[in-house]
Amino acid sequence: MEEFQRGVDRVFDLICRFRAGDEAAFDELLAQYQPLIESLVTRFSSEARMEMPREDLRQEAAVAFYRSVTSYDLLQRDVEFGLYAKICISNALVSKLRAKKHPIEVEALSEVNGRGSDADASDEDPVARILEQERLGALYAVIRENLSDFEYRVWNLYLSGRTAKEIGALVGRDEKAIANAIYRIRRKLRAVLA
């Protein structure tokens, strides 16, 4: 538990340092979350089925990661940064793929809303940003109240890109026990969120 808390505190410190102008802190954060970014790019590139070059998805993921570092609410401690970053990156990649599949619809919608097709609606519309934060907050609350402390800790570590073996080392359990816990958590959340 102490090691997990040290990791959370380290990420908090790196985000604060980056926001204070320390570019090396961002590089360290990026290196730490590179496995998460790569796993999401791999997942979405397989879903894209050659509709979009992998490098385009990687760049989009890096931009979304940067945005997650700049927008993460440091005053709350209920949602680990890794989970927040994963959601931000996933949302950005989904939007990018939708825009690629339906460029005319996305461009027309952007023009109706008075934005260029390259603009991200949540960056320009504070109401949309607030609504998205409220939806995420409600989702986090549902997840938190339906998982035990152990499950919630394992889930956050899993979403931050760690393997079952790495999680096991952090929480003092074997890899098989963690894999079983992840399966149970996913089944539980699927039932709750259905």
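Values quoted throughout were computed directly from the atomic coordinates according to the rules given, and no laboratory measurement underlies them. None of these values were measured; they are calculated from a predicted model. Glycine also receives a Cβ, built like all others from the backbone with ideal geometry; neighbour counts cover every protein chain displayed.
Things to note:
- The slack in the chain from ILE130 to PHE150, taken as 0.36 nm per residue of separation less the alpha-carbon distance, amounts to 4.2 nm.
- Inter-label distance, nm, simple model (7 Å from Cα along the C-beta direction), ALA141/ARG6: 3.5 nm
- Karplus-derived HN-Hα couplings along the stretch 58-68 (A = 6.51, B = -1.76, C = 1.60, θ = phi - 60°), whole Hz, x at Gly and Pro: 4, 5, 4, 5, 5, 5, 5, 5, 4, 4, 5
- The stretch 1-87: relative contact order in percent, alpha carbon pairs under 8 Å with at least 6 residues between: 28 percent
- Summed over all non-identical Cα pairs, the Kirkwood treatment of the stretch 1-101 gives a radius of 14.2 Å.
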